[in-house]
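Structure first, commentary second.
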Amino acid sequence: MNKYAIIDVGGKQLRVEPGRFYDVRHFASIQDVSGSNMKVSINRVSLIRRGSEISIGHPWLSDATVRGRILHPCFGSKLVIQKIHSKKKTRRKIGYRENLIRFVVDSIYFNGKELNDC
């Protein structure tokens, strides 16, 4: 909990810590995720916290990188969409599951050095 970063990936902002895995919608630069343990480097880092020190980018930190590996593709939870027209006696039920990519964060780099626990 002493160190974490906030990254922009898949159209959303995530708070990431080393050693944890996350599910994201898509990576803009990666189309084929069939190979597991594929290395990925994310440069869109908005904030880094190291102990009591916080670095904030405007909009991103230029010398910060989050490195990790893609584990495997997965699915999100199923959403059930129902459309009911009351006076016409018509119903429509559609299910949807979003394709996600699970990746694990290996390390956070700032100013060319890996952040160590404080």
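Per residue, the accessible area of the chain comes to 70 Å² when a 1.4 Å probe rolls over the protein heavy atoms. Can you work out the base-10 log of I(q)/I(0) for the chain at q = 0.13, 0.24 1/Å, using the Debye formula on its C-alpha atoms alone? Taking Cα atoms of the chain as identical point scatterers yields -0.58, -1.36. With the convex hull constructed from alpha-carbon coordinates only, the stretch 30-93 shows a mean projected area of 9.2 nm² over all directions. Within the assembled protein chains, the solvent-accessible surface assigned to residue 72 is about 80 Å², based on a 1.4 Å probe.
The values are calculated or read from the model by the stated rules, or taken from the named source; none is laboratory data. Everything numeric here is computed off the predicted structure, so don't read it as measured data. Just so you know, the surface numbers come from the protein's heavy atoms only, side chains and all, with ligands and any DNA or RNA stripped out. Shrake-Rupley method; radii C 1.70, N 1.55, O 1.52, S 1.80 Å.
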